[in-house]
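The values are calculated or read from the model by the stated rules, or taken from the named source; none is laboratory data. Keep in mind the model is a prediction, meaning the values are calculated, not measured. Note that each Cβ is placed from the backbone with ideal geometry, even for glycine, and that neighbours are counted across all protein chains shown.
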Amino acid sequence: MGRSDWPARLHVVTGKGGTGKTTVAAALALGLAAEGHRTLLVEVEGRQGIAQLFGIDPLPYAERRIATPPDAHGEVRALAVDPEEALLEYLDMFYKLGAAGRALRKIGAIDFATTIAPGLRDVLLTGKVKEATTRSAEGRRAYDAVVLDAPPTGRIGRFLNVTAETAKLAKMGPIKTQSDGVASLLRSPITSVHVVTLLEEMPVQETLDAIEELSALTIPVGRIIVNGARSPLLAGARVTKAELKRGLAAAGLPADAVTVAGLHAEAKAHLTRRELEESLRAELAEAGRPVVELPLLDDGVDLGGLSRLADVLMSV
């Protein structure tokens, strides 16, 4: 199928910490690029997670090409948004304070401003994402798609709800104008927020809570992406010790009581786990959003693994 199944221009990827949201964001960016689209992959948490995934040097506050899929006209560029640099850019853009802004940074004023006003920090970060999403060059969009590796689900509502945060900072002027523009973009069909989870109770609950919060804020929710899904190892609902003993004997393996008991305990644990996972799948289905399952990468996450996940994302 392809890009028509990922119709937004701005893809915001969130999820509980440890669910692999950065991995999923990177795989989505690769998948979109493989279909020929100029794609920007953005991170805003200062973790340099993108650089680690792609095995490159830490990203500067500049858009750098990090991947060009074979046999495709697309590319992936990456940007690590730094709030201090974003504020300097903002001051230069709206107040023409280029050199003066850099002087403010030397005395620590920029860091002070972004620390005492966390709402301002989020406005700057989301404002830069909006600028990249809507930027044009030579009569065409600079990027066909922007993928944002966003803060985790516990903070995603506050991060994206820039209008409310900015109301605490400014009633008028460029800051309010910029935040209103960001808020409009985030609530438009151009944007889609995808929530990454594992088939575990806490991540699933945080996913459902985040979807409810985002819906209340009228921010479009896209897909629920189940990461690290395992294929079932046993076909039946239960396995008896007798069946295990016959199977071991048929395979020419030891079928003593200790071996059979150990395998039986493992089989019971697997089936119990599978039953829990099915109940969690049912809970996710009740959210009414499309669900995509990505396989567990047994060999860890490398460029080959990212490409495999990208193929799965683009095939649904």
Cross-chain or 6+ apart pairs with Cβ under 6 Å, the stretch 297-316 first and closer than 17 Å to ALA51 by Cβ, then in a helix (DSSP H, G or I) and at pLDDT 90 or above: VAL301/THR23; LEU306/ALA26; LEU306/ALA27; LEU306/LEU30
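I need the full set of residues from the stretch 297-307 which are loosely packed, with under 12 Cβ neighbours inside 10 Å and at negative phi, in order please. Talk me through it step by step, then tell me what you get.
Going through the stretch 297-307, the residues loosely packed, with under 12 Cβ neighbours inside 10 Å turn out to be 298-300, 304.
Selection gives ASP298, ASP299, GLY304.
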Some residue of the stretch 94-103 being among the hydroxyl-bearing types (Ser, Thr, Tyr) and at pLDDT below 60: yes
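Looking at ALA251, ALA229, ALA237, ALA265, can you tell me which residue is at pLDDT 90 or above and of a type in the set (Gly, Ala, Ser)?
Values: ALA251 fails: at pLDDT 90 or above; ALA237 fails: at pLDDT 90 or above; ALA265 fails: at pLDDT 90 or above.
Answer to the selection: ALA229.
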Within the stretch 269-294, considering residues that are charged (D, E, K, R), touching a residue at least 12 places away in the same chain (Cβ under 8 Å) and not in a loop (DSSP other than H, G, I, E, B), the one surrounded by the fewest Cβ atoms within 10 Å (Cβ to Cβ): GLU283
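Sort out which residues of the stretch 127-148 are more than 21 Å from VAL221 (Cβ to Cβ), in contact with a strand residue (DSSP E or B) (Cβ under 9 Å, 6 or more places away or on another chain) and part of a helix (DSSP H, G or I), and write them in order of number.
Filtering the stretch 127-148 for residues more than 21 Å from VAL221 (Cβ to Cβ) gives 127-128, 131-132, 134-144.
This time we only want the ones that are in contact with a strand residue (DSSP E or B) (Cβ under 9 Å, 6 or more places away or on another chain), so: 128, 132, 134-135, 141-144.
Listed by number, the residues that qualify are LYS128, ALA132, THR134.
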Elements of type strands (runs of 3 or more DSSP E) in the stretch 1-80, at least 2 residues being small (Gly, Ala, Ser) and surrounded by 15 or more Cβ atoms within 10 Å (Cβ to Cβ): 75-80
ALA34 being at pLDDT 95 or above and closer than 14 Å to ALA145 by Cα: no
Yes/no for GLY228 being among the small types (Gly, Ala, Ser), assigned to a helix (DSSP H, G or I) and surrounded by 12 or more Cβ atoms within 10 Å (Cβ to Cβ): no
Test for SER192: is it of a type in the set (S, T, N, Q) and either modelled with pLDDT under 85 or surrounded by fewer than 17 Cβ atoms within 10 Å (Cβ to Cβ) (or both): no
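Picking from ALA249, ALA242, ALA265, ALA310, which residue would you name as being assigned to a helix (DSSP H, G or I) and surrounded by 17 or more Cβ atoms within 10 Å (Cβ to Cβ)? Spell out the reasoning first.
On the way: ALA249 fails: surrounded by 17 or more Cβ atoms within 10 Å (Cβ to Cβ); ALA242 fails: surrounded by 17 or more Cβ atoms within 10 Å (Cβ to Cβ); ALA265 fails: surrounded by 17 or more Cβ atoms within 10 Å (Cβ to Cβ).
Of the residues listed, the single one that is assigned to a helix (DSSP H, G or I) and surrounded by 17 or more Cβ atoms within 10 Å (Cβ to Cβ) is ALA310.
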